[in-house]
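Engineer: Quick one: the structure is below, questions incoming.
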Amino acid sequence: PKLEPTDVHLAMTTLSGWTLDIHPQHHTACLSKSWTLPNFEMAVARFNQIAQLAKAQDHHPEVLSSYTHLQVRIWTHDVAGLSHKDFTLAQAIDQLSTPSIEESNRAQKNTFKGNKQSLPSKPCKACG
């Protein structure tokens, strides 16, 4: 069920760094938090951690990614507002550890294991 405003304000005290916003497109209350991470790989790692939590909780936030910047917005579509599910997911996101640089480098190396022979030997006409 949709939380009452007094319940929302009380639940906000359990979060760290989250703001209570109005979603710019859906015009409904949402929780919002942003991060700027040290590099692109760490931003992708954080995005993936959030995605795994969302899948596990079957509650999917809006995650916006721009190079090293991430923004997450959470609300419950079914109630057009905030529910306990939103605060549970936000608390779980707060518990995430920041991926280490070593993990980030390992992920980057594993991401680009492709067959180098499949790349064109000459640049495409549009690229020169």
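Engineer: So, with a 1.4 angstrom probe, what is the percent of accessible area on the range 1-61 that is carbon and sulfur? Mind dumping the intermediate values first?
Structural biologist: On the way: 2120 of 3730 Å².
For the range 1-61, the apolar C and S fraction of the accessible surface comes to 57 percent.
Engineer: Which cross-chain or sequence-distant (5 or more) residues have an amide H under 5 Å from the amide H of G81, H modelled 1.01 Å from N in plane?
Structural biologist: Long-range HN contacts for G81: T76.
The values are calculated or read from the model by the stated rules, or taken from the named source; none is laboratory data. As the structure is a computational prediction, the values presented were derived from the model and not from experiment. Each accessible area value is taken on the protein alone, full model and side chains, heavy atoms only, with ligands, DNA and RNA left out. Shrake-Rupley method; radii C 1.70, N 1.55, O 1.52, S 1.80 Å.
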